[in-house]
1. For the range 47-195, what does the alpha-carbon gyration tensor say about shape, rounded, prolate or oblate, given a ≥ b ≥ c as the root eigenvalues, a/c under 1.5 as rounded, and a/b over b/c as prolate?
2. In percent, what relative contact order does the range 47-195 have, based on Cα pairs under 8 Å that are 6 or more apart in sequence?
3. To the nearest 20 debye, what charge dipole does the range 61-177 have about its Cα centre, counting +1 at the Cβ of each Lys and Arg and -1 at the Cβ of each Asp and Glu?
4. How large is ³J(HN,Hα) for each residue in the range 104-109, as worked out from phi by the Karplus curve 6.51 cos²θ - 1.76 cosθ + 1.60 (θ = phi - 60°), to whole Hz, x for Gly and Pro?
5. Give me 93, 84 sorted ascending by neighbouring Cβ count inside 10 Å, so fewest comes first.
6. Taking each pair of different alpha-carbon atoms in the range 98-156 once, compute 1/r for the pair, average those values, and report the inverse of that mean as the Kirkwood hydrodynamic radius in Å to one decimal.
Amino acid sequence: MRHLRQRIEEFLEHFQALFEIDGSIPKRFRKLSTSLSKQPKSEANAMIHQPVYFSRNTVQGGDRAMLTNLRDIVSTSQRNNSRDGITGFLIFDKTWFVQILEGDKTQVMETYNRIARDTRHSTATIMNVRDVEARLFPNWTMGGAMRTPEMEEVYLEHGVGSAMDPSRLKSAQIIALALDLQAFEETKRKGQRLAS
């Protein structure tokens, strides 16, 4: 792991020197570097199981019902995932849920199976499963983003237009989108704290 971390840091330094005039590291690479440095000791040599899946929302109602539903899902997920050592990110656009889970393989698959039985969505479909050396969302027992007009630019940067169709997206696109949505949310929260 130490060798991988050193190679990634060297890559980031090289990338930064080539492309970043102002000295800032692009969001998704900064997140990767940060996640590597925050790995729990127990995961130092263990691979992290990371499925990416999507499902169709079945909750009827307007924006208020959907927002309430999303808050309930995120709250329950945070409680369960904290207990089970699961991290990840949930993207919701009123029609689709797209989620990345991370953690021990057994715990992650138990979590996915529990999620797949939830009646608030249907047709849960795993897009990709991989084992990775480091969590991409180490501080998020379940981060989430409901698609809003203010974050539309982030979606467009990843080739996601007005209607998201997860069956046409690659899992790498979803992961990159989630990392940038996470960065967007963190920047927004920091701005709100500074304004208070």
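What follows is calculated from the coordinates using simple rules that are stated; it is not laboratory data. Since the structure is predicted, the reported quantities are computational estimates derived from the model, not experimental observations. Virtual Cβ from ideal backbone geometry, glycine too; neighbours counted across all protein chains shown.
1. On the way: a/c = 1.28, a/b = 1.16, b/c = 1.11.
Rounded, since a/c falls under 1.5.
2. Details: 219 pairs, mean separation 50.4, N = 149.
Relative contact order of the range 47-195: 34 percent.
3. Working: 14 positive and 15 negative charges, 75 e Å.
That gives a dipole near 360 debye.
4. 4, 3, 4, 5, 5, 6
5. On the way: 93 19, 84 16.
Lowest to highest Cβ neighbour count: 84, 93.
6. 13.7 Å
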